[in-house]
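Each remark here refers to the structure printed beneath this line.
Every number in this text was worked out from the coordinates using simple rules, so none of it is lab data. This one's a predicted model, so the numbers in the text were calculated from it and none came from an experiment. We place every Cβ from the backbone using ideal geometry, glycine too, and count neighbours over all the protein chains shown.
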Amino acid sequence: MTQVYKQKRAFDSLRIWLLLPSWVTIGIFLLIPVGLMLVISFMTKEFRGGVIWELSLAAYDQFLFDRGLFGDEPPTIQWTYIVIFLRSIVQAAIATFFCLLIGFPTAFFIATRDSRNRTFWIFLVTVPYWVNLLIRTVSLKFLIRDNGPINEFMISLGLISEPLGLINTNLAVQLGLFYSYLPFMVLPIYASVERFNFTFSEAAADLYADKWSTLRRIVLPIVAPGIAAGCILVFIPSLGAFLAPDLLGGAKNFMIGSLIEEQFKGNAGNWPFGAAASMILLTMVLIALMLYTRQQAKSELT
Amino acid sequence: MTLANSVRSIPGFSILAVLCLVILYAPLLVVMVYSFNDSVSITIWGGFSLRWYEQIFFGLEAEKFQKAAWNSITIAFMAAIVSTTIAFSAAVGVVRTSPFKGKNLNISLLSLPIMVPEIVTAVATLIFFSMISFKLGYTSILVAHIVFCIPFAYLPISARIQSIEKVYEEAALDLYANRKEIFRSILLPLMLPGIISGFLLAFIISLDDFIITSFVKGAGVETLPTAIFGSIKQGIKPDIMALSTLLLLVSTLFVTISYFLSRADIKNKLN
């Protein structure tokens with residue numbers, strides 16, 4: 001092995017001082033609060049919001065079991081909250097699927113343009129991401145509601161005789177999540193297709209492979225990590241989304257985000273239960289992230 | 001030469017790409033157009049008018065919106081300054097020093113505010129402030145914003161710092177420049193586009209935040225997104241569309257500036 005001459009860099013001795021502000025800020029205002037939230041999830045609820053400092057598993061118990069109004073009946077499985085969590089997972093998965101359906105062709109198309117057009121297209125895809133999510137969701141609501149432009153337009157053309165009734169349905173929530181996080185799908189796939197060495201596919205084309213089999217058997221396996229990254233970037237925020245289900249879904253289509261929010265608003269709240277639901281959501285997200293990093297590490301080895 | 005069966009152009013992909021842009025922009029454009037609608041009825045076009053813009057500046061609710069706008073802008077400005085400073089310092093510490101143990105851990109810590117779902121951050125921050133009996137209001141919003149703006153400021157800054165080769169400071173060290181001189185006359189000017197870009201992104205991320213703000217704002221203090229959310233509970237009114245259009249234009253303007261800053265970088269590097 002060659003001996004590398006190690007020169008100390010100009011800022012080495014200052015490193016701790018340079019990093020300290022970020023440790024302190026994120027440590028005090030994010031790590032400690034999350035730890036505190038974990039503690040609160042094991043405490044007893046106070047009726048007007050807030051907590052009583054007595055250890056209790058009530059929050060997690062309430063999540064899974066129904067013990068009757070006075071808590072003295074034999075426990076039966078409480079499906080309400082489990083269903084809300086399952087619904088959130090399904091909604092997030094469907095939104096991710098639709099994002100992939102539109103996002104992959106878009107990313108692939110952009111990555112195969114010349115470099116000038118490429119940056120411009122990417123710019124166009126990025127701008128909506130930086131626009132206020134609340135405004136984007138409200139805009140979508142305005143567009144698809146019963147007496148909104150889409151319905152009025154289609155009625156005036158005689159395509160439909162009455163409004164489609166999109167608003168306050170599961171479909172509206174999926175549409176909202178899809179619309180909110182679509183740019184997240186395009187960007188990582190674009191990055192991996194852009195790095196793709198097209199001489200591989202040219203070789204396949206020389207050997208008379210048609211476009212679709214080249215795409216499926218040569219391009220897809222190589223850009224798979226980008227696709228995985230896009231899916232995780234859409235799935236994770238969709239899972240804990242609040243605005244899309246709240247504004248587009250109505251009361252029947254509750255997701256985790258709304259369930260958590262309800263525990264902290266007004267007097268009917270239940271802080272330990274809200275903290276427990278947040279902990280469960282956070283755990284799900286961390287598991288998804290861990291699976292993703294392991295998968296990425298594996299695909300880097302092969 | 002491109003072969004006829006080259007995978008570079010796949011039929012239908014161009015249509016889907018255009019469709020993608022239409023989906024992304026259509027709702028925003030519709031709201032922008034209707035914000036200039038003279039009619040009180042939201043969906044019938046009654047001719048071009050600026051009356052809703054007049055209303056948000058001089059109408060009945062003007063004072064409420066102005067107060068919310070003032071809160072939003074001052075919080076975004078201060079949160080962006082503080083988070084950009086923290087992110088800049090961390091970026092120099094992580095990228096501009098020789099490799100060290102815990103480098104990856106530091107990078108993970110810096111991206112933590114993006115990884116944790118927003119609603120979870122909101123809950124945890126609310127619990128934290130109420131446990132230490134910190135009064136909810138302007139200051140609690142500001143503190144929460146500083147935290148989640150850090151990763152957004154960090155990304156463009158660290159990308160920029162990575163692209164500056166270390167020969168610059170090595171040459172300066174050889175010429176007996178001290179650390180302060182190296183920093184001020186070499187590194188800072190080279191890093192500046194990244195810093196400005198990080199500041200702009202942090203600013204709009206703060207300006208746009210709704211969920212965390214709504215948890216930690218307490219009673220009586222509003223920012224523009226929470227004021228808009230409060231108003232649309234009674235239906236989407238045209239003045240809200242006008243307000244949304246203004247906010248939308250500010251975000252777009254800032255992203256565009258940030259985009260051109262990073263474009264300028266690439267051109268300079270090529271020359």
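Just a few scattered comments:
- Under-5 Å amide H pairs with A:F65, H placed in peptide plane, nonlocal only: A:Q78
- In this structure, the amide hydrogen of A:V51, modeled 1.01 Å from its nitrogen in the peptide plane, lies closer than 5 angstrom to those of A:E46, counting only residues at least 5 positions away or on a different chain.
- Greater than 25 Å apart at Cα, pairs in A:K45/A:K141; A:K265/B:K64; A:K45/B:K233; A:K211/A:K298; A:K252/B:K233; A:K45/B:K67: A:K45/A:K141; A:K45/B:K233; A:K211/A:K298; A:K45/B:K67
- Spatial offset of region B:66-101 relative to region A:51-92 amounts to 40 Å, using the alpha carbon center of each.
- Estimated at 0.36 nm per residue, the fully extended path between A:S156 and A:E73 surpasses their Cα-Cα distance by 24.1 nm.
- The ranking of A:L55, B:L224, A:L164, B:L28 by Cβ neighbour count inside 10 Å, starting from the fewest, reads A:L55, A:L164, B:L28, B:L224.
- Farthest positive-ward along region A:172-219 dipole, Cα basis, beta-carbon charges - from A:Y179, A:F198, A:S213: A:Y179
- Options B:G198, B:I236, B:L188, ranked by Cα towards positive dipole end of region B:176-247, top entry (Cβ charges): B:L188
- Each Lys and Arg contributes +1 and each Asp and Glu -1, all at the Cβ; summed about the Cα centre of the protein assembly as shown, the dipole is approximately 1440 debye.
- Choice from A:S115, A:S41, A:S156 with maximal GNM fluctuation in chain A (Cα, 10 Å cutoff): A:S156
- Legend: calculated FRET efficiency, A:T80 to B:N178, from the Cβ-Cβ distance at R0 = 45 Å, rounded to 0.05, equals 0.10.
- If only the Cβ of Lys and Arg carry +1 and only the Cβ of Asp and Glu carry -1, the dipole of region B:158-271 around its Cα centre is close to 120 debye.
- Rounded to the nearest 20, the size of the Cβ-charge dipole of chain A about its Cα centre is 1060 debye, with Lys and Arg at +1 and Asp and Glu at -1.
- Length available on full extension from B:Q234 to B:K166: 0.36 nm per residue minus the Cα-Cα distance, which gives 18.7 nm.
- Within the shell of other residues whose beta carbon sits under 12 angstrom from the beta carbon of B:K64, the net charge comes to -3, with Lys and Arg scored +1 and Asp and Glu -1.
- Within a Gaussian network of chain B (alpha carbon springs, distance under 10 Å), most fluctuating of B:V143, B:V18, B:V31: B:V18
- Within the listed set A:N151, A:N168, A:N132, the residue fluctuating most in the Gaussian network model of chain A (springs between alpha-carbon atoms under 10 angstrom) is A:N132.
- Nitroxide proxy distance, nm - points 7 Å out along Cα→Cβ at B:L60 and A:I287: 5.1
- In percent, rounded to a whole number, the relative contact order of chain B is 28, using alpha-carbon pairs under 8 Å and six or more apart.
- As a proxy for reagent exposure, ranking B:T252, A:T283, B:T121 by other Cβ atoms within 10 Å from fewest up yields A:T283, B:T252, B:T121.
- Ascending count of other beta-carbon atoms within 10 Å, so fewest first, for A:S238, A:S258: A:S258, A:S238
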